[in-house]
Amino acid sequence: MRNLLRLCPLLLALALLFGAEPAFAGKRVALVLANSAYQHAPSLTNPVNDGSVIAKTLKDAGFDIVDSRHDLSALETRRVLRDFADATRDADIAVVYYAGHGIEVEGSNYLIPVDARLERDTDVYDEALSLDRVLVAVEPAKQLRLVILDACRDNPFGKTMKRSVASRGIGRGLAQVEPTSPNTLIAYSAKAGFTAQDGDGANSPFTVALSKHLTTPGLDVRRAFGFVRDDVLKSTGNKQEPFVYGSLGGDDVPLVPVKVAAAASPVANPQADIRRDYELALQVGNRAAWDAFLAQHPDGFYSSLAKLQLEKIGAEQAHAAAIEKAKQAEAERDRLAAVGAQKDAQIKAAADAKAAEQAQLAAQKAKEQAQQQAVAAEQQRVNLAAAAPSAAPASTASPAGTNVASLTPATTPADLSRSVQTELGRVGCFSGQADGNWNTSSQRSLSQFNRYAGTKLDVKVASTDALDTVKSKPSRVCPLVCEHGFKADGDKCTRIVCGDGYALNDDNECEKKRAGKPTASKPATSRRDDSEDRPARQRPQIGAAGGLGGLGGDAAGIATGARRASGGGQVFCTNGGCRPVNRGCHLEYRGGGGPGNDANAEVCN
């Protein structure tokens, strides 16, 4: 069974070589055009630099032909396109990259050579090169026809160009295009109708992203442009969005195939097999597992580590036996003392208990020493594996007595943990600080990686297997989750800030604050006349004649609410009529009321 498992890499390589669909590896040709030194318009800084970067990228990717030209006139450009069309006749993949000025007139796109004047709109037909002419040059390619235009910059001729027909439209950026030939893609550095940035550095943001993703081995060209789009949006603050027009079939079409032949003859590494057996025995962790490992691998670096593990187990067992013997000796001593045994027997039992206690202490010390040696040896093994996972350990030929823990480590466990934390952060699974402390947060991050990547890595330790597996992921694995009050901004969460008069609601949206209810005004502190202080049900209405409306007979003598006289003072009303309240006095409601008993009293200061 072991031998069969060790044949798996070879069987997998053979399956990839013969059984799987072969990666595309036909003839690939490319033409790179870059115009910076315009004679009748302001020069551009980056196109020639961009052309050099793309030409080098394609050459390094193994393209059969990479023809790189810059600052060409209209006539020179036509000749170069004619010669390139001849090179594409037996090609499977043909790529044209252009950096410079472009213009859209009446829905058609044109590349502008460096000698173009474009004094009037119709000059574009004579002095510029249409995109259709470029598509004719790549048309003979069998597998993929790719045209990349970093030409969506501001048009310097648009403001000065004379219009022969007022209705003729000259657009901003390039116009949307739909290729008529199959297996054709046209990539714009900016979406149709928008302009692209030339970049603050030596290259445009579009070219930087292209050089990073376009020639990734085995990566489908459509996915490559998807990564390019993400990078450009991020680097330009979402101001520039590259776009691809055209369509391909269902098969992946990478510009650079995966080198399957290299996997067909894997180099056997016996140390890797021994290491896997050692790690399996370490997981089981009992004497039988280590005995089985040493029976299979009696010599070498890992056998020395296994013997240290066995010594640790033996010391732990000896310590447990010493504890049990000490308990029994102490119990015998106490028993003899309780039954009043002879003095000689008690002295002997006490001596046995003392010896058992000393043996227990010695066994405990031996156990701790064995555990420390085993831990140090295991730490050294992890260090060596992190330094060179596929190489044999430096002490493979060391005898069993070699002090493994004394070897100078190539790296520390903290460095390995820090590396795993850094890679987990890169793929979006770890948000803490990469401090090398493999704590609960780090374990939870690796567990989350297992969930979304479909792996089964051991989360308890930071291992080289975990580091290699996480490193193999080219982009984000774990989704970005932002708490309430934050929003996703690229690969991080940023706080949502609402404007004045707006507040954040439960849906993480800013909404206008509701106006608060007006605060009731406090009642006036100065005393008012009785008709305003008393409840409405206590206010008898005064008739027009000065009497009490609705009240007759003795009831008319009940206290009434005072009313304002024309002079602004209070008046006091009884059955006999109403009179003004004296100056400096006011009415107070005393309650009661009835014939001859006024409820309102006149109080003077």
Seminar exercise, completed: Restricting the range 244-278 to residues that are in a loop (DSSP other than H, G, I, E, B) and either modelled with pLDDT under 80 or in contact with a strand residue (DSSP E or B) (Cβ under 6 Å, 6 or more places away or on another chain) (or both), the one surrounded by the fewest Cβ atoms within 10 Å (Cβ to Cβ) turns out to be Val267
For this session: Can you work out which of the residues in the range 127-166 that are charged (D, E, K, R) and at pLDDT 90 or above is nearest to Asp92 (Cα to Cα)?
Result: Lys142
Seminar exercise, completed: Requiring at least 2 residues that are closer than 24 Å to Leu214 by Cβ and either among the small types (Gly, Ala, Ser) or open to solvent by 20 Å² or more (accessible area, probe 1.4 Å) (or both), the helices (runs of 4 or more DSSP H) wholly within the range 26-140 are 47-60, 74-87, 131-138
Exercise. Out of the residues in the range 73-108 that are among the charged types (D, E, K, R) and at pLDDT below 90, which is nearest to the chain's Cα centre (by Cα)?
Worked result: Glu104
Exercise. What is the residue count in the range 455-498 for residues that are in a loop (DSSP other than H, G, I, E, B) and in contact with a Pro (Cβ under 9 Å, 6 or more places away or on another chain)?
Worked result: 2
For this session: Among the candidates Thr494, Thr464, Thr440, single out the residue that is of a type in the set (S, T, N, Q) and surrounded by fewer than 11 Cβ atoms within 10 Å (Cβ to Cβ).
Result: Thr440
Exercise. Looking at this structure, is Gly454 over 14 Å from the mean Cα position of the chain (by Cα) and either at pLDDT 85 or above or open to solvent by less than 60 Å² (accessible area, probe 1.4 Å) (or both)?
Worked result: yes
Exercise. Any idea which of Gln342, Gln379 is under 30 Å from Glu279 (Cα atoms), at pLDDT below 85 and open to solvent by 70 Å² or more (accessible area, probe 1.4 Å)?
Worked result: Gln379
Exercise. Within the set of pairs 6+ apart or on separate chains, which have a first residue in the range 173-202 that is free of Cβ contacts under 8 Å to residues at least 24 places away in the same chain, a second that is of a type in the set (Ser, Thr, Tyr), and C-beta atoms under 6 Å apart?
Worked result: none
Seminar exercise, completed: Exactly one of Lys234, Lys212, Lys191 is within 14 Å of Ala151 (Cα to Cα), open to solvent by 30 Å² or more (accessible area, probe 1.4 Å) and among the basic types (Lys, Arg), and that residue is Lys191
Exercise. Among the residues of the range 470-487, which ones are surrounded by 13 or more Cβ atoms within 10 Å (Cβ to Cβ) and within 18 Å of Val459 (Cα to Cα)?
Worked result: Val470, Lys471, Lys473, Val477, Cys478
For this session: Would you check if Lys312 is of a type outside the set (Asp, Glu), surrounded by fewer than 17 Cβ atoms within 10 Å (Cβ to Cβ), more than 20 Å from Thr464 (Cβ to Cβ) and at pLDDT 80 or above?
Result: no
For this session: Determine whether the range 230-243 contains at least one residue that is touching a helix residue (DSSP H, G or I) at 6+ places or on another chain (Cβ under 7 Å), β-branched (Val, Ile, Thr), modelled with pLDDT of 90 or more and not in a helix (DSSP H, G or I).
Result: no
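The values are calculated or read from the model by the stated rules, or taken from the named source; none is laboratory data. All values derive from a computational prediction rather than experimental measurement. Because the Cβ atoms are built from the backbone with ideal geometry, glycine has one as well, and the counts that use them run over all protein chains shown. These area figures cover heavy atoms from the full protein model, side chains too; ligands, DNA and RNA do not enter into them. Shrake-Rupley method; radii C 1.70, N 1.55, O 1.52, S 1.80 Å.
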